[in-house]
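Take a look at the structure set out below.
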Amino acid sequence: MRFIQIFFLIILIFFLMIIYAQNIQTLQQTIALGYDLHWHAWTTPPLKLYFFLLFFFVLGAFSVFFLLVFETLRFKAQASRFKKLAAKLEAEVNSLRTLPSEDAGMGAQGEEQSS
């Protein structure tokens with residue numbers, strides 16, 4: 001399985017290199033991003049387009065990473081609660097198994113009375 005993952009990663013890198021090589025002129029254009037809210041305006045310094053693409057890709061990767069970390073922590077807490085509940089229910093079942101059964105006693109007495 002690890003071999004297949006590495007193989008697909010190499011293919012992905014290969015295709016990304018082809019896309020970059022064929023679009024190098026477009027990616028090296030200088031642009032400035034900004035906004036104007038009528039009371040406040042802001043503009044980035046002029047930067048290459050590939051810098052913006054790389055920056056937003058890294059920002060998205062960190063966002064997904066932190067969301068996955070928080071989700072993993074939430075699932076671990078939920079698994080811990082379920083383990084505690086399972087242990088409690090198992091202890092209850094075991095305590096009920098060790099109690100003498102009232103039905104078993106009545107069944108034995110009922111047989112004796114009927115004979």
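The values are calculated or read from the model by the stated rules, or taken from the named source; none is laboratory data. Bear in mind the structure is a predicted one, so any value in this text is a computation, not a measurement. So basically every Cβ, Gly included, is an ideal-geometry build from the backbone, and we count neighbours across all protein chains shown. The accessibility values were calculated without ligands, DNA or RNA, using every heavy atom of the protein model including side chains. Shrake-Rupley method; radii C 1.70, N 1.55, O 1.52, S 1.80 Å.
Among the residues examined, TYR35 does not qualify as in contact with a helix residue (DSSP H, G or I) (Cβ under 9 Å, 6 or more places away or on another chain) and either without any contact (Cβ under 8 Å) to a residue 60 or more places away in the chain or not hydroxyl-bearing (Ser, Thr, Tyr) (or both).
With the condition kept exactly as written, say whether any residue in the stretch 22-29 is at pLDDT 90 or above and hydroxyl-bearing (Ser, Thr, Tyr). No, every residue in the stretch 22-29 fails to be at pLDDT 90 or above and hydroxyl-bearing (Ser, Thr, Tyr).
Can we say ALA108 is out of contact with any Cys (no Cβ under 8 Å at 6 or more places or on another chain) and either modelled with pLDDT under 90 or open to solvent by 70 Å² or more (accessible area, probe 1.4 Å) (or both)?
The answer is yes for ALA108.
Per the listing THR72, THR44, THR30, the residue uniquely over 34 Å from the mean Cα position of the chain (by Cα), hydroxyl-bearing (Ser, Thr, Tyr) and open to solvent by less than 90 Å² (accessible area, probe 1.4 Å) is THR30.
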